[in-house]
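The values are calculated or read from the model by the stated rules, or taken from the named source; none is laboratory data. In this text the structure is predicted, and so the values were computed from the model without any measurement. Every residue, glycine as well, gets a Cβ built from its backbone with ideal geometry; the counts of neighbours run over all protein chains shown.
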Amino acid sequence: MPAEKRRSVKFIFWGLFILGLNLFLSCQNENCVSIANNDLLIGFIRADTLDTGEIIFDEIDTLFYSATADGNDSIIYDKNTVRSTFPFPVNPAKGMTTFHLEMIDSIRYDTLSMDPIQIDTIYYINPTPHTIAVSYDRSQRIISEECGIEIFYTNIKVEEISFPTTNLAENKLSRFNEVNIEVFF
């Protein structure tokens with residue numbers, strides 16, 4: 001192999017080596033992405049028994065007239081939000097959060113006039129408001145000086161719940177959770 005060709009191969013090798021080393025070392029720096037969050041995921045599920053006797057669990061779309069939390073003066077969810085799993089933010093300043101849920105039993109649509117068409121929507125609210133109270137432990141971790149801290153919520157416990165059947169599926173809050181509490185209707 002001619003000397004000039006060996007020199008260019010060495011140059012390419014060392015160039016790729018230095019580039020790879022830079023990429024490897026740059027990936028070692030921690031970024032500001034946190035896996036922790038403060039959303040308690042509550043999923044609403046219906047158990048359906050097939051003719052075979054097998055039980056199938058289906059997520060059901062749920063409507064709240066209002067969903068609020070103690071210590072928060074705003075409505076988290078209202079009648080415009082329809083979904084089967086809801087993220088409820090826990091209070092980062094306390095070790096417990098209580099959620100108050102007013103659920104819609106049914107909806108009726110009345111036609112007020114035909115020209116122009118005017119439709120009135122009437123929501124029938126369940127007379128029994130529901131409550132879910134959870135307690136949790138909080139711990140902090142410094143991500144880096146630039147990124148700051150993150151708060152972890154672990155040891156989730158359901159302290160009070162007015163739904164007849166529930167399951168605590170995951171006892172820590174994480175971005176990777178599908179659901180923390182399953183509520184069965």
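Quick rundown of the values:
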{"read-out": "Strands (runs of 3 or more DSSP E) contained in the range 72-125 and holding at least 2 residues at pLDDT below 90 and in the same structural domain as ARG138 (by TED's automatic domain parsing)", "value": "96-114, 117-125"}
{"read-out": "Residue within the range 103-117 that is surrounded by 15 or more Cβ atoms within 10 Å (Cβ to Cβ) and in contact (Cβ under 8 Å) with a residue 12 or more places away in the chain present", "value": "yes"}
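Residue by residue, here is whether (1) touching a Lys or Arg at 6+ places or on another chain (Cβ under 9 Å); (2) aromatic (Phe, Trp, Tyr) holds:
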site	(1), (2)
ASN91	no, no
GLU145	no, no
ILE156	yes, no
ARG175	no, no
PHE184	yes, yes
